[in-house]
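Here is the structure we will look at.
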Amino acid sequence: MKRASALMIALLLPALGGCSLGGSVETLMTPPKLSIEQEQIYNALKSVTGSNIRLKYPKSGDYLSAFIVSDIDSDGADEALVFYERGTANAEENPLRINVLDQIDGVWSSVYDRSAAGADIEEVIISPLGENERINIIISYGTVTGSGRITEVYDYRSGTLERTLSKSCSLMEVHDLDGNGTNELFIASAQTAGQAARAAAYHLDESGTYYESITALSEDFTECTQLLCGNTENGEPAIFIDGVVGPSAIRTEILRLSENRLTRTPQNNPLFDSVRPSGYAAQDIDGDGIVEIPGCNVFPGYEDLSETEQITMTSWYTFSDNRLIKKHTGYYSINEGFFFLLPDRWKNKVTLKRDNVAEELVFCAYSGSLQGSTNELLRLCITADPVTVADCLDNGYLLLGAKGGTQYLAKSADSDDPLLLTTGEIITAFLY
């Protein structure tokens, strides 16, 4: 049935050959319909800029609109920030701009306009920083080259949007890094021709002065791919940075902020090196608030096979007392978005095979070789084909979950093998 479905898709593809998928995302998207308030703000903006403008939208974060309405000066009334590009701009000036609008006698009016620092808006965060109560507008910009970002912090008061900080970086986050109840600004930067890889935290004191703390990252970090704020195994807040260290490998750096001092934490576990293939990102795999770092090995029986023939076994490690401690082991599929946890009683006793005919994963009792490991324990079927799903359910498969059109199903073998999992164990072992 699966082959038949694939054949139907293959037959349909030529019919789509005349469709063009070119063009940017912005040209393909229909602009969202503006609310009444946004329409009023937009008209007030055009009254000073003219109609030859294009609204710009942040790519991620809590604020995804070109219109951000918030009390940014703590006066008890909302102001509006609008991001736009001029249709005609001098070659020397950045077409991306920020306009601030305020309500005067109940009518929206433009009160300030300034050039932005980048080509695109990656993210906008509005938050106090440190001990100072002022509201900061923190904007992460993308650059024209697409390599790196520029993070700027603005303070709006007395009708002026004043830039108080500007830093180049790879990644940015605003978070309570030390667990004291106030947020800090954190940035990480990969190495460049003129600067080593480093990270920095920024904290505002009561007078509004920035306290900066900088620490080095791995010298071989050529790219920072992920910044994750979470907890260690013993509940301490930490920053986890995934960085590229080779053509197809990444490593995780762990940093802490204490008394406004940022430090890089040593990883003194001689049994584990956090270098692994790209794509294996650090994450809170089990949702307990503690960040886990993946490490890669192979399932029993694959040690002497070529890399293309191997099936990777992924272990997840937590950090505690300057050591990485193994917490989970199992099968992790990056492309299919799930992790299957191996129970302790399966350790060194179970391996994993692929059934290429049925397009399923099969856990088998390990008997010392792959060829001899024929005693099936559990099958996993991951499919978006409704015919296959119906067929599996008719044949006793358990539906573990569904995500984005993909269905995850499992079937335990019909035997009395002591390694068989109960239904409860199967459900518990499956993690998105």
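The values are calculated or read from the model by the stated rules, or taken from the named source; none is laboratory data. These figures come from a predicted structure and were not determined experimentally. Note that each Cβ is placed from the backbone with ideal geometry, even for glycine, and that neighbours are counted across all protein chains shown. Heads up: the accessible areas ignore ligands, DNA and RNA and are worked out on the full protein's heavy atoms, side chains in. Shrake-Rupley method; radii C 1.70, N 1.55, O 1.52, S 1.80 Å.
Considering only I293, P277, L262, the residue lying farthest towards the positive end of the dipole of segment 226-361 is L262, judged by Cα position with unit charges set on Cβ. Report, to the nearest whole %, how much of the accessible area of segment 326-432 belongs to carbon and sulfur atoms, 1.4 Å probe, protein only. The C+S portion of the solvent-accessible surface of segment 326-432 is 51 percent. Taking label points 7 Å from Cα along the Cα-to-Cβ direction, D288 and S207 give a separation of 4.6 nm. Among the lysines of the chain, pairs at least eight places apart or on separate chains and with Cα atoms under 16 Å apart come to 5. Give me the base-10 log of I(q)/I(0) for the chain at each q in 0.08 Å⁻¹, Debye formula, one uniform scatterer per Cα, rounded to two decimals. Ignoring solvent entirely, the Cα scatterers give -0.63. A simple spin-label model places pseudo-atoms 7 Å from Cα toward Cβ; at D416 and S258 they are separated by 5.7 nm. Using C-alpha pairs below 8 Å separated by at least 6 residues, the relative contact order for segment 295-432 is 18 percent. Taking all C-alpha pairs of segment 217-337, those more than 25 Å from each other amount to 22 percent. Based on C-alpha pairs under 8 angstrom that are at least 6 apart in sequence, the chain has a relative contact order of 7 percent. Axis of helix 36-49 versus longest Cα principal axis of the chain: the two differ by about 50°, to the nearest ten degrees. Measuring r between the beta carbons of T145 and E303 and using R0 = 45 Å, the FRET efficiency lands at 0.55.
For the chain, the solvent-accessible area with a 1.4 angstrom probe is 51 square angstrom per residue.
In a DSSP loop and with at most 12 other Cβ atoms within 10 Å, the GluC sites (Glu not before Pro) in segment 249-339 are E259, E303.
Of the GluC sites (Glu not before Pro) found in segment 99-180, the ones in coil according to DSSP and having at most 16 other Cβ atoms within 10 Å of their Cβ are E131, E133. Taking 0.36 nm per residue of sequence separation and removing the Cα-Cα distance, the D391/N94 pair yields an extension gain of 101.1 nm. Can you give the FRET efficiency for S70 and Q226, using 1/(1 + (r/R0)^6), R0 = 30 Å, r = Cβ-Cβ distance, to the nearest 0.05? That pair, S70 with Q226, gives E of 0.60. Using Cβ point charges alone (K and R +1, D and E -1), the dipole size of the chain about the Cα centre works out to roughly 1140 debye.
A simple spin-label model places the labels of K347 and I104 7.2 nm from each other, with each point 7 Å out along Cα-to-Cβ.
Split the accessible area of segment 197-318 by element, probe 1.4 Å, and carbon with sulfur accounts for 44%.
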